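One structure is given below, encoded as structure tokens.
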Amino acid sequence: MSTKGFSIVEETSIPSIKQCLIGMPDTGLTGMIAISHIIQSLDLKEIGHFESELLPPVIVIHKGEPKRPVRIFGNENLVAITSETPLNSASMYPLAESMIKWLNEKKIELLITVSGLATQNRMEIQNPVVYGVSTSIDKEQIFNKAGIRLLKEGFMVGPNALILKECMAKNLKNIVLLAQSHYQYPDPGAAAAAIYSLNKLLDISVDVQKLLSQAEEIRLKTRELMQRTNKSLQGMEKSQELELPAMYG
Amino acid sequence: MIRKRRLSDLIESSLEEIEKEMEQAIQEIREWRPMWNASKGTLEPLTQIEDTGDKIIITTDLPYVKKENIDLKVCDNSLEIDATLEQCVKYEDWVNVSEECEFKSFYKDIKLSEKIIPEETNAKFTNGILTVELVKRKGKRRIKVD
């Protein structure tokens, strides 16, 4: 499938997708860390990737194998999409558009994007709160069951905001999970909090103990990706998320 | 009213854009440096600097570090952070360095944009994040308006 400079290559074809998780490099790398852990824990197999001239000219090498940076994992029940490289603002619109077009064609029932919510005193918080935003009319009921707090006021900037906009336009059910997170430091603790919520939302059981035991190693080894992501986020005025919302309607 | 743009204007604006992109690329190349020093066995930590007016607050992410292994040195225009890792970090299949590489500590020397009072510096280490509060030297004099 191809849309405005982006094409999705399915290495293993799947006719439909029930649920999809997305975690891109963003605040605290929360979404990316969470989705990567879920892919490993549930042993989701690689089924495809995104191709575009708008993506950075990067190939990732894992265990001697060259890999595309934006890849799709999973099966008909659960698909997970993540990127190992930060995306610039020019690639985000067409990426979100092609992603949602593809998921719509696959008759997606629920799309969940995972990210971090920059929190100033994060280092003093032991159990990060997970906030939610959704296009669903019964969101408050869904969030209550999963212990997620409804985000009542604020801004969203970046890939999750664009995916949400596309879902609103296509009338698709999208939940955005935002775990309290460090703004510019990798945050495996926030990723673990998001996974707790996902376990309840999707009725899956992903163990976070391994993730928490590897937290220091993840923080150390993702410094450069975090640094690069921070630069890319500056380019899309991510700091607007830290602004006080105007108290109108 | 639709105004036709002259070819020379179009070329000029395109050249300006190309020039701007080239400047950005050159700036990135100038600023880029690796976040490690293999010969010294040090890693550069992620750091955020915030200017609150009367203070400069510097936070640093220090995984694998214990409070007692953080060595801070401060003078009136710089802060030096040297923090030994609890365990050495090895990179065995890494091709950017010729031999097996081992990192033992985090190191960063931060040049401050303003002079501070070293004696009034406070530091705390909470859940792996080091926060250093530096009090700015007040060099300004109040002037009476006649």
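The values are calculated or read from the model by the stated rules, or taken from the named source; none is laboratory data. Keep in mind the model is a prediction, meaning the values are calculated, not measured. No Cβ is skipped: glycine too gets one built from the backbone with ideal geometry, and neighbour counts run over all protein chains shown.
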Those residues of the stretch A:205-220 which are within 19 Å of A:SER115 (Cα to Cα) and in contact with a strand residue (DSSP E or B) (Cβ under 9 Å, 6 or more places away or on another chain) amount to A:ARG219
Picked from the stretch B:100-146 (must be among the aliphatic types (A, V, I, L, M) and part of a loop (DSSP other than H, G, I, E, B)), the residue surrounded by the fewest Cβ atoms within 10 Å (Cβ to Cβ) is B:VAL145
Going through the stretch A:16-74 in order, the residues found to be of a type in the set (Asp, Glu) and surrounded by 19 or more Cβ atoms within 10 Å (Cβ to Cβ) are A:ASP26
Cβ pairs under 8 Å, 6+ apart or interchain, first in the stretch A:87-106 and among the β-branched types (Val, Ile, Thr), second in a helix (DSSP H, G or I), ordered by first then second residue, are A:ILE100/A:ILE163; A:ILE100/A:GLU166; A:ILE100/A:CYS167; A:ILE100/A:LYS170
Any residue at all in the stretch A:199-213 that's small (Gly, Ala, Ser) and more than 29 Å from B:THR42 (Cα to Cα)?
yes
Reported set for the stretch A:75-94 where residues are of a type in the set (S, T, N, Q) and crowded, with 23+ Cβ neighbours inside 10 Å is A:THR82, A:SER83
**Item:** Residue in the stretch A:121-131 that is buried (at least 20 other Cβ atoms within 10 Å of the Cβ) and more than 23 Å from A:TYR185 (Cβ to Cβ) present
**Value:** no
Only one of (1) free of Cβ contacts under 8 Å to residues at least 12 places away in the same chain; (2) within 14 Å of another protein chain (Cβ to nearest Cβ); (3) part of a helix (DSSP H, G or I) does not apply to A:ALA161, and that is (2)
Exactly one of A:THR85, A:THR113 is polar (S, T, N, Q) and at pLDDT 95 or above, and that one is A:THR113
Of B:GLU68, B:GLU80, B:GLU50, the only residue that is more than 9 Å from every other protein chain (Cβ to nearest Cβ), acidic (Asp, Glu), more than 19 Å from A:MET226 (Cα to Cα) and within 16 Å of the chain's Cα centre (by Cα) is B:GLU80
Flagged in the stretch A:111-128 as within 17 Å of A:GLY158 (Cβ to Cβ) and either hydroxyl-bearing (Ser, Thr, Tyr) or within 9 Å of chain B (Cβ to nearest Cβ) (or both), in numbering order, are A:THR113, A:SER115, A:THR119
Test A:TYR131 against the stated conditions and say whether it is more than 14 Å from every other protein chain (Cβ to nearest Cβ), out of contact with any Asp or Glu (no Cβ under 8 Å at 6 or more places or on another chain) and in a strand (DSSP E or B).
-> yes
When restricted to A:GLU166, A:GLU109, the only residue more than 21 Å from A:GLU217 (Cα to Cα), among the charged types (D, E, K, R) and surrounded by 15 or more Cβ atoms within 10 Å (Cβ to Cβ) is A:GLU166
Residues in the stretch B:103-130 that are within 14 Å of chain A (Cβ to nearest Cβ) and among the hydrophobic types (A, V, I, L, M, F, W, C) total 6
Scanning the stretch A:164-174 for residues that are closer than 17 Å to A:LEU21 by Cα and either without any contact (Cβ under 8 Å) to a residue 12 or more places away in the chain or touching a helix residue (DSSP H, G or I) at 6+ places or on another chain (Cβ under 8 Å) (or both) gives A:LYS165, A:GLU166, A:CYS167, A:LEU172, A:LYS173, A:ASN174
Scanning the stretch A:165-215 residue by residue, the ones that are under 30 Å from A:GLU105 (Cβ atoms) and within 14 Å of chain B (Cβ to nearest Cβ) total 0
